[in-house]
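Derivation of every value follows stated rules applied to the coordinates shown; laboratory data play no part. Values in this document were obtained by computation on a predicted structure and should not be read as measured data. Every residue, glycine among them, receives a Cβ derived from its backbone with ideal geometry; neighbour counts consider all protein chains shown.
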Amino acid sequence: MPREMYLVSTEPMTMPALVEAATAVDGQLVPRVLFEGAAIQLVDTADVAVITLELSRLIEDPCQLELMVGRLPLTGAVWWIEASAPWGPAGEIGVRIARELGERLGARVQVEEGL
């Protein structure tokens with residue numbers, strides 16, 4: 001199973017923000033589009049995926065999200081971004097990218113560390 005992550009933000013993920021976050025961590029990563037544009041994957045020079053991110057989803061009822069992730073200190077629109085990264089060194093890069101992206105979006109980042 002991959003390492004699961006999510007980001008909760010007041011703004012959606014954009015390609016420029018993702019590219020900036022990825023470049024800040026590893027400037028050699030290349031994006032590829034999956035599932036007819038529903039997800040973006042970043043791969044290293046060996047074609048190993050370091051992170052896969054689904055496109056942002058607007059949460060219409062933040063109360064439902066609050067039940068899942070706890071108290072949200074957000075007002076207005078709430079965006080949900082799901083991501084996954086493999087375990088091991090490649091996944092550590094993916095986690096760093098998620099955290100960097102979270103900083104750029106002002107997002108709350110949760111990384112499920114597993115058992």
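Applied to segment 2-11, the Karplus parametrisation 6.51 cos²θ - 1.76 cosθ + 1.60 on θ = phi - 60° returns per-residue 3J(HN,Hα) values of x, 7, 8, 9, 9, 10, 10, 9, 8, 9 Hz, with x for Gly and Pro. With both labels modelled 7 Å from their Cα along Cα-to-Cβ, the Glu20 to Leu34 distance reads 2.5 nm.
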